[in-house]
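Below: one structure, written as structure tokens.
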Amino acid sequence: MRVILFIFFSLLILNITGCATTSSDIETADTSDPHTPPAFEVDVPKSTANDEKPIETLELSPTEVDDVWQRIRIQLGFTHSEEKSVQDRINWYLKHPNYMELITKRAEPFLYYIVNEVERRGLPIELALMPLIESDFNSRAYSNKHASGLWQLTPLIAKHYGVKMNAWYDGRHDIVESTNAALNFLSYLHKRFDGNWYHAIAAYNTGEGRVARAISYNKRKGKPTDFFSLKIPRETRHYVPKLLAASQLLKEQQMHFPIIANKPTIDIVDRGGDLILDDSTQWTELRILNPGYRRYPALIAGAKHIVLRQSQQESWQQYLVNAPTMPNTQWQKYTIRRGDSLSKIAKLHDISIAELKTFNQLKSNKIRAGDTLVLPVLADKQIEYRVKSGDSLWRIARHFNVTVNKLKQWNGISKNHLDVGDTLTIFIAAL
């Protein structure tokens with residue numbers, strides 16, 4: 001009997017010791033850094049054969065998830081902020097739940113491309129959210145600083161980074177040219193501010209000089225130089241918090257971001273030279289994906305590429321093979337006079353010799369008096385309108401049956417206010 005009791009108590013002690021050891025392993029196994037972004041996990045249903053089996057999780061890489069927003073989420077790395085300006089913006093987002101519906105609709109064609117470019121350069125994935133802060137993902141957006149496009153590039157910055165801009169085309173609205181310039185500029189600012197991304201992003205908004213002066217001032221006064229301690233313009237004080245708020249909402253999944261398929265949606269293909277679409281209704285979406293062309297359907301003097309939906313690539317190539325000759329009914333004509341030359345005619349009409357040759361399909365510079373040239377100038381009547389008292393962009397646009405956006409685009413303006421005496425250029429379609 002004593003032997004049996006001894007064996008029983010021995011087994012009981014061993015069982016208790018085993019349970020204690022297991023508990024200790026569980027408690028000490030979690031050594032993860034709480035600041036490390038969590039991996040995106042997909043729940044796998046419990047096995048129906050064994051109800052006690054725990055739920056398994058699969059950690060997916062950014063390229064394996066189904067949604068571009070989630071691809072961004074699992075890579076977010078900026079520190080969680082409790083700053084009031086950040087929390088205020090979070091509250092604003094939460095009070096406007098339909099905002100992300102609009103953003104997603106606009107971002108859908110372009111977000112996958114932007115994310116790929118940010119990842120390819122090894123930059124923080126938060127930068128892929130900057131068009132949300134800059135333009136609400138509106139590729140045609142203009143600002144009162146004459147900034148334009150998804151990334152709100154100013155003419156000075158755009159030209160510095162090689163973005164093409166002319167009377168026919170503004171590359172700030174092109175997803176390829178603008179994204180390349182914006183990320184180049186941000187990379188420069190990151191280096192300029194010694195690896196501080198908050199300072200770099202602030203400088204993107206307000207200029208590197210202002211941020212540098214604010215940092216120097218705080219240093220002289222013995223004050224902290226973190227972004228939230230700097231004395232900078234009000235717009236910029238709210239700019240970085242807007243980005244941080246959007247990042248935190250996405251990272252912590254506090255707000256619904258409608259799904260955008262994590263796969264290519266557009267193709268960047270060869271434009272095939274200057275041309276004017278003879279059937280713009282067939283290529284309606286081309287205008288949406290290529291808003292850089294100011295005088296659509298004229299695809300002239302732009303980038304060497306064109307942006308297409310993936311499903312359109314084959315149709316586009318077929319269209320180029322059978323592209324009609326340059327149409328001339330909508331363009332001004334010029335009768336060549338004795339003594340004229342292409343350079344003289346081009347200079348007279350403020351166009352380039354290349355454009356003149358493209359429109360007339362000329363392979364040489366030889367021209368003959370009496371022949372007619374088609375000019376890359378709209379045959380629509382061009383009016384120089386002087387602003388009168390009581391005028392507004394809306395009133396003028398309505399009078400001439402054009403849009404306010406066209407008025408702004410033709411005249412390179414971003415403000416809504418007009419001064420009496422200003423002169424506006426207006427193109428009126430010929431009937």
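The values are calculated or read from the model by the stated rules, or taken from the named source; none is laboratory data. Note that the coordinates shown come from a computational prediction; the quantities given were computed from them, not determined experimentally. Ideal geometry is used to build each Cβ from the backbone, glycine not excepted, and the neighbour counts take in all protein chains shown. In case anyone asks, the SASA skips ligands and DNA or RNA and just uses the protein heavy atoms, side chains included. Shrake-Rupley method; radii C 1.70, N 1.55, O 1.52, S 1.80 Å.
Residues being outside any helix (DSSP H, G or I) and at pLDDT 85 or above: count how many of those fall in segment 338-377. Please lay out each step first, then the result.
So in segment 338-377, the residues outside any helix (DSSP H, G or I) come out as 338-341, 349-352, 361-377.
So of that shortlist, the ones also at pLDDT 85 or above come out as 338-341, 364-373.
Number satisfying all stated conditions: 14.
Of the residues LYS357, LYS347, LYS363, only one is surrounded by 12 or more Cβ atoms within 10 Å (Cβ to Cβ), more than 30 Å from LEU111 (Cβ to Cβ) and free of Cβ contacts under 8 Å to residues at least 12 places away in the same chain; which?
Values: LYS357 fails: free of Cβ contacts under 8 Å to residues at least 12 places away in the same chain; LYS363 fails: surrounded by 12 or more Cβ atoms within 10 Å (Cβ to Cβ).
Exactly one residue qualifies, and that residue is LYS347.
Which one is surrounded by the most Cβ atoms within 10 Å (Cβ to Cβ) among residues in segment 395-414 that are in contact with a Leu (Cβ under 9 Å, 6 or more places away or on another chain) and of a type outside the set (Phe, Trp, Tyr)?
LEU407
If you go through segment 237-286, how many residues are assigned to a helix (DSSP H, G or I) and of a type in the set (Lys, Arg)? First the steps, then the outcome.
First pass over segment 237-286, keeping only residues assigned to a helix (DSSP H, G or I): 237-251, 284-286.
Filter once more, keeping what is of a type in the set (Lys, Arg): 237, 242, 251.
Residues meeting the conditions: 3.
Would it be correct to say that ARG121 is more than 21 Å from TYR188 (Cα to Cα), open to solvent by 30 Å² or more (accessible area, probe 1.4 Å) and not hydroxyl-bearing (Ser, Thr, Tyr)?
Details: more than 21 Å from TYR188 (Cα to Cα): no; open to solvent by 30 Å² or more (accessible area, probe 1.4 Å): yes; not hydroxyl-bearing (Ser, Thr, Tyr): yes.
Considered against the rule, which asks whether it is more than 21 Å from TYR188 (Cα to Cα), open to solvent by 30 Å² or more (accessible area, probe 1.4 Å) and not hydroxyl-bearing (Ser, Thr, Tyr), ARG121 comes out as no.
Looking at (1) within 30 Å of PRO264 (Cα to Cα); (2) open to solvent by 20 Å² or more (accessible area, probe 1.4 Å); (3) assigned to a helix (DSSP H, G or I), which is the one condition that is false for PRO131?
(2)
Could you run through segment 378-402 and say how many residues are at pLDDT 85 or above and either within 20 Å of ALA141 (Cα to Cα) or of a type outside the set (A, V, I, L, M, F, W, C) (or both)? Quick ask: steps written out before the conclusion?
Just the residues of segment 378-402 that are at pLDDT 85 or above, to begin with: 385-397.
Then drop every residue that is not either within 20 Å of ALA141 (Cα to Cα) or of a type outside the set (A, V, I, L, M, F, W, C) (or both), which leaves 385-386, 388-395, 397.
The total comes to 11.
Inspect segment 102-117 for any residue being touching a strand residue (DSSP E or B) at 6+ places or on another chain (Cβ under 7 Å), in contact (Cβ under 8 Å) with a residue 24 or more places away in the chain and not hydroxyl-bearing (Ser, Thr, Tyr) and give the result as yes or no. Lay out the reasoning, then the answer.
Residues of segment 102-117 that are touching a strand residue (DSSP E or B) at 6+ places or on another chain (Cβ under 7 Å), as a first pass: 109, 113.
When the remaining residues are screened for being in contact (Cβ under 8 Å) with a residue 24 or more places away in the chain, the result is 109, 113.
Checking the rest, the ones that are also not hydroxyl-bearing (Ser, Thr, Tyr) come to 109.
Looking through segment 102-117, at least one residue is touching a strand residue (DSSP E or B) at 6+ places or on another chain (Cβ under 7 Å), in contact (Cβ under 8 Å) with a residue 24 or more places away in the chain and not hydroxyl-bearing (Ser, Thr, Tyr).
Can you tell me how many residues in segment 252-271 are more than 20 Å from the chain's Cα centre (by Cα) and either basic (Lys, Arg) or more than 18 Å from SER311 (Cβ to Cβ) (or both)? Write out each step before concluding.
Step one: of segment 252-271, the residues more than 20 Å from the chain's Cα centre (by Cα) are 252-256, 270-271.
Filter once more, keeping what is either basic (Lys, Arg) or more than 18 Å from SER311 (Cβ to Cβ) (or both): 252-256, 271.
Counting residues in segment 252-271 that are more than 20 Å from the chain's Cα centre (by Cα) and either basic (Lys, Arg) or more than 18 Å from SER311 (Cβ to Cβ) (or both) gives 6.
Considering only segment 205-236, how many residues are part of a helix (DSSP H, G or I) and open to solvent by less than 40 Å² (accessible area, probe 1.4 Å)?
Matching residues across segment 205-236 total 10.
Before we move on, is THR358 more than 21 Å from LEU275 (Cβ to Cβ) and not hydrophobic (A, V, I, L, M, F, W, C)?
Details: more than 21 Å from LEU275 (Cβ to Cβ): no; not hydrophobic (A, V, I, L, M, F, W, C): yes.
So THR358 does not fit the description; no.
For VAL163, state whether it is crowded, with 16+ Cβ neighbours inside 10 Å and assigned to a loop (DSSP other than H, G, I, E, B). First the steps, then the outcome.
On the way: crowded, with 16+ Cβ neighbours inside 10 Å: yes; assigned to a loop (DSSP other than H, G, I, E, B): yes.
So VAL163 fits the description; yes.
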